[in-house]
Structures are given as C-alpha cells and as structure tokens.
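Right, one structure below, let's go through it.
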Amino acid sequence: MNSILRQPRHFALLLLTTACTRSQASTRAVEAERGRVGCCAKDTLACGTCSPDNHCEGCTCLPRNKPGEHCPDGRTLPASTKAQASGGPPIGRAQMRWSPGDYRPCPTDGSLGFGDVNADGRADLVCMKGHDIGVSLTNQDGTFVPVTQLTSGRVSCLASGFAVTDLNGDGRDDLVSAPHCGGLASPDAKFPGISWNNPTTWCSHGGARILLGDLNGDKRTDALCSDRTGFKWGLLTEPSGVLGPTGWSRDMGWCYHEGSAIHLGDLNGDGRSDMLCHDTVTGYKWGVMTEPNAEPGANSWELDMQWCHHPGARLLVGDFDGDKRTDMLCNDRAGHLWIAYANHEGRFDERRWEAPAEFCKGHPQALQVHDFNGDERDDLFCQLGNEIWVTYADAGGVFAD
C-alpha cells in the first residue's frame with residue numbers, strides 16, 4: 001500500500017489562549033492587537049480568556065508551577081489543569097493553545113492536513129471527513145478562522161489519504177493523492193473539486209512508498225517512489241499541476257535495509273528536494289543531493305551520528321532557522337526535543353540544540369512541523385487530547401525563552 005508523506009491526523013480544537021512569556025505590558029500590547037485585553041501578571045502563567053476589566057481568567061501553570069499553588073497576583077490555580085494533565089504546555093517564546101468550545105474546524109473523526117492554501121506564507125488547516133472537505137485559514141497572529149469552505153461529494157479519490165502541497169507552482173497548496181488524483185486550490189482558497197485523475201499503477205507494488213517533494217526546483221511538488229529493494233523512481237509534475245508522465249528510475253540499492261527510513265528535504269538550499277536516510281536502530285545517516293535533472297547525483301555523504309535512535313524516538317524534517325536548508329528534529333515519548341542543523345553543504349556538523357521540553361509528552365506522533373506565522377521558519381504543532389498547542393521557532397531556530 002502506498003504511504004503518502006504528511007498523512008493527515010485527527011484533532012478537535014476550540015478556544016485560543018496565549019502564554020505570557022514577556023512582561024505584562026508588552027503582552028497586553030500583543031493582546032490588544034488581537035482584539036483582547038488583559039494578561040496574567042507573571043511569565044509563570046499561561047492566560048485563559050481575558051475579561052473587559054483586564055482580569056485574566058482561566059490561567060494555567062507553566063512547568064515550574066503546580067495546580068493549587070498561589071499565583072503572583074494572589075489567585076490560586078485550580079487543582080485540575082488541562083495543560084498539566086496532558087503533559088504541560090509547549091516551550092517557546094510565543095505559544096498558543098486551543099481548548100474545547102463551540103468551534104470545531106475538523107470533527108474528531110475527520111482527517112487533518114496542513115498547507116498554505118491562500119499563498120500568504122502561513123500553513124492553514126484542511127479537514128476531510130468522508131467525501132467532505134473544509135478549510136480553516138490561519139490569521140496573521142497565528143489563530144485559525146472558522147471553516148471557509150465545505151465541498152461535498154467531489155473529492156472521493158482523496159478520502160483514503162491526501163497531502164496538501166503546491167502542484168502547479170502558484171504558491172497555493174493543492175490536494176493530492178499521489179499519483180492518482182489532484183485538486184487545485186482556487187484564488188479564493190477553495191477546492192472546487194478534482195482537477196485530474198490518473199488511473200496508474202505507479203508505485204503500487206508491495207513494499208513501495210511514495211514521498212512528496214520538489215525534485216527539479218520548479219516550485220511544483222513531484223513524487224518519489226522507494227521500495228524495499230532500494231530501487232527509486234521519480235515522477236515530475238507538469239505546469240498544469242498534473243503528476244507525470246515524465247520521470248526517471250534508478251536501481252540505487254539505497255536506504256532499504258531493515259530499520260531504515262527515507263525522508264525528502266532541501267538539505268543544501270538549492271531549491272531541490274534531496275534524500276535523507278535515517279537508520280532508526282543505529283542513528284546512522286546518509287544523504288544524496290538531487291541534480292538539476294531531478295535525479296539523484298554523485299554528491300552524497302554518510303555520518304555515524306548515533307542520533308535519534310533511542311526507544312520511542314521519531315525523526316522529522318523542517319527548516320527551523322530559516323536558512324532554506326532542511327534540518328532534522330527528533331522527539332520522543334518523554335517530550336524531549338533535539339535539532340540538528342544542516343550546513344551550507346547539506347551535511348550535519350556539531351551545530352545542534354536540545355531541550356527537555358516535555359512537548360507532546362507521551363504522544364510523539366502528534367507532533368507536526370509547519371510554518372504557522374509566515375516567518376519562513378517551521379514551527380511545532382501538537383495535539384494533546386482535545387487541545388492543540390503551537391509554539392514558534394525564534395530567529396536562532398530554537399524553541400526556548
């Protein structure tokens with residue numbers, strides 16, 4: 001069975017709150033820009049809703065406080081705190097939390113995808129339930145607006161699994177179930193329906209997996225097929241946004257051993273997606289750079305990093321420092337975070353960061369990597385039960401105060 005990169009996840013989300021990580025005055029200024037007033041007095045608290053008289057209601061503790069302790073402004077936190085019960089809030093200089101309420105952009109039995117469907121540089125939420133699809137756009141402050149579209153019965157070929165990515169290079173992310181069908185986003189950030197169907201058997205054999213990335217640097221998403229023999233196939237996207245028929249095949253004998261996992265990302269910042277192989281048992285890494293013809297080239301490397309291979313570890317890729325090169329992020333069940341940054345050659349040296357953040361603690365598969373505030377640095381998104389946490393990368397590419 002094919003495995004599409006960025007398979008959607010399930011979630012429910014509602015009321016937004018932010019963490020008071022700056023002084024009261026500066027955070028109140030931020031809240032004023034968002035149409036709210038009031039803030040918790042100290043950076044040991046995370047705000048709930050704020051009333052018109054500047055009294056901050058519904059506060060929760062950050063890790064160094066516990067429910068039941070006295071707040072700096074004289075209040076006592078309740079004995080039960082959702083943030084604590086679900087592993088605690090995320091780290092980061094700017095944080096947001098969605099909690100239960102009356103607004104659900106995606107049903108609990110729906111499937112969630114992420115992509116920039118209105119070309120504003122910020123990842124939006126795309127929800128599919130059955131044959132219905134809805135879009136929640138991301139505001140400039142990182143909050144999500146109500147569902148702006150619901151299309152029914154016209155995207156059935158996407159129901160078994162979809163990705164949100166730019167097929168035609170117009171800056172708006174589209175819907176695709178590679179290599180079978182695709183639906184292009186319209187200028188008003190809607191999906192009128194399926195734009196093309198391709199009744200192909202490409203990459204449908206046993207042990208084959210599909211990954212998505214821009215192999216030739218034309219700003220359109222292509223597809224890579226890899227199977228358990230190490231054979232690789234590439235399928236390029238036409239200017240119209242249709243996947244194929246142009247492509248290539250290569251008997252690489254690469255990244256197919258037991259415990260290996262292949263990722264796509266622009267390691268050297270040349271605009272083309274390269275291949276990264278991660279050994280989940282030993283932590284060994286291999287990289288192969290993609291040539292202008294969209295095929296794997298001779299420029300390759302390997303490194304015995306012994307990194308991100310402990311029990312429960314999970315590796316993700318993204319550009320966290322905004323240098324156009326894909327970095328590696330590792331998380332685990334304890335919520336610990338590690339980042340290894342790619343250098344100008346597309347390799348990994350000693351520049352790294354880590355923090356015992358307890359982010360997505362107990363739920364490492366819930367962590368997603370996307371740019372939610374449009375600063376060209378990937379941020380972290382986590383579902384903890386029925387709450388959603390988002391934390392932003394700072395200018396240094398880290399998630400820390």
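The values are calculated or read from the model by the stated rules, or taken from the named source; none is laboratory data. All of these numbers come straight from a predicted model, not from anything done at the bench. When we count neighbours, we look across all protein chains shown, and the Cβ atoms used for this are built from the backbone with ideal geometry, even at glycine. We work out accessible area using only protein heavy atoms, side chains counted, and drop any ligands, DNA or RNA first. Shrake-Rupley method; radii C 1.70, N 1.55, O 1.52, S 1.80 Å.
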> What is the number of the single condition among (1) among the aliphatic types (A, V, I, L, M); (2) farther than 28 Å from Leu112 by Cβ; (3) not in a strand (DSSP E or B) that Ala298 does not meet?
Replying inline: (3)
> Quick one: in segment 305-327, which of the residues that are in contact (Cβ under 8 Å) with a residue 60 or more places away in the chain and in a strand (DSSP E or B) is surrounded by the fewest Cβ atoms within 10 Å (Cβ to Cβ)?
Replying inline: Gly318
> Going by the structure shown, is Leu211 out of contact with any Asp or Glu (no Cβ under 7 Å at 6 or more places or on another chain) and either of a type in the set (Phe, Trp, Tyr) or open to solvent by less than 20 Å² (accessible area, probe 1.4 Å) (or both)?
Replying inline: yes
> Quick check, is Gly161 open to solvent by less than 40 Å² (accessible area, probe 1.4 Å), touching a Phe, Trp or Tyr at 6+ places or on another chain (Cβ under 9 Å), outside any strand (DSSP E or B) and not aliphatic (A, V, I, L, M)?
Replying inline: no
> Only one of (1) in contact (Cβ under 8 Å) with a residue 40 or more places away in the chain; (2) assigned to a strand (DSSP E or B); (3) not acidic (Asp, Glu) fails for Arg351. Which number is that?
Replying inline: (1)
> When Gly217 is evaluated against the numbered criteria (1) under 23 Å from the mean Cα position of the chain (by Cα); (2) at negative phi; (3) open to solvent by less than 40 Å² (accessible area, probe 1.4 Å), which criterion, by number, is the only one it fails?
Replying inline: (2)
> If a residue has to be under 19 Å from the mean Cα position of the chain (by Cα), surrounded by fewer than 21 Cβ atoms within 10 Å (Cβ to Cβ) and modelled with pLDDT under 95 to count, how many in segment 328-341 make the cut?
Replying inline: 3
> Which residues, counting only those in segment 342-352, are in contact with a strand residue (DSSP E or B) (Cβ under 7 Å, 6 or more places away or on another chain) and surrounded by fewer than 21 Cβ atoms within 10 Å (Cβ to Cβ)?
Replying inline: Asn343, Arg347, Arg351, Arg352
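Please work out which residue is nearest to Ala159 (Cα to Cα), limiting yourself to segment 183-199 and to residues that are among the hydrophobic types (A, V, I, L, M, F, W, C) and either open to solvent by 20 Å² or more (accessible area, probe 1.4 Å) or not in a loop (DSSP other than H, G, I, E, B) (or both).
Narrowing segment 183-199 to residues among the hydrophobic types (A, V, I, L, M, F, W, C): 184-185, 189, 191, 194, 196.
The next check asks that each one be either open to solvent by 20 Å² or more (accessible area, probe 1.4 Å) or not in a loop (DSSP other than H, G, I, E, B) (or both); those that pass are 184, 194, 196.
Details: Leu184: 16, Ile194: 12, Trp196: 15 Å.
Ranking the candidates gives Ile194 first.
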> Looking only at segment 281-304, which residues are free of Cβ contacts under 8 Å to residues at least 40 places away in the same chain and crowded, with 18+ Cβ neighbours inside 10 Å?
Replying inline: Gly283, Tyr284, Val288
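For segment 256-275, give me each residue that is under 14 Å from Gly207 (Cα atoms) and open to solvent by less than 20 Å² (accessible area, probe 1.4 Å).
Quick first cut of segment 256-275, residues under 14 Å from Gly207 (Cα atoms) only: 256-262.
The one that is under 14 Å from Gly207 (Cα atoms) and open to solvent by less than 20 Å² (accessible area, probe 1.4 Å): Ile262.
Determine which member of the set Gly169, Gly130, Gly161 is on the phi > 0 side of the Ramachandran plot and within 17 Å of the chain's Cα centre (by Cα).
Of Gly169, Gly130, Gly161, the one residue that is on the phi > 0 side of the Ramachandran plot and within 17 Å of the chain's Cα centre (by Cα) is Gly161.
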> Residues in segment 105-126 that are open to solvent by less than 20 Å² (accessible area, probe 1.4 Å) and either free of Cβ contacts under 8 Å to residues at least 24 places away in the same chain or over 16 Å from the mean Cα position of the chain (by Cα) (or both): how many?
Replying inline: 4
> Quick one: what pairs do we get from segment 235-251, first residue more than 16 Å from Asn293 (Cα to Cα), second open to solvent by 30 Å² or more (accessible area, probe 1.4 Å) and in a strand (DSSP E or B), C-beta under 8 Å, 6+ apart or different chains?
Replying inline: Asp251/Phe231
>> Go through (1) among the charged types (D, E, K, R); (2) over 11 Å from Phe320 (Cα atoms); (3) assigned to a loop (DSSP other than H, G, I, E, B) for Asp394 and report which single condition fails.
In response: (2)
>> Just checking, does segment 363-377 include any residue being charged (D, E, K, R) and not in a loop (DSSP other than H, G, I, E, B)?
In response: no
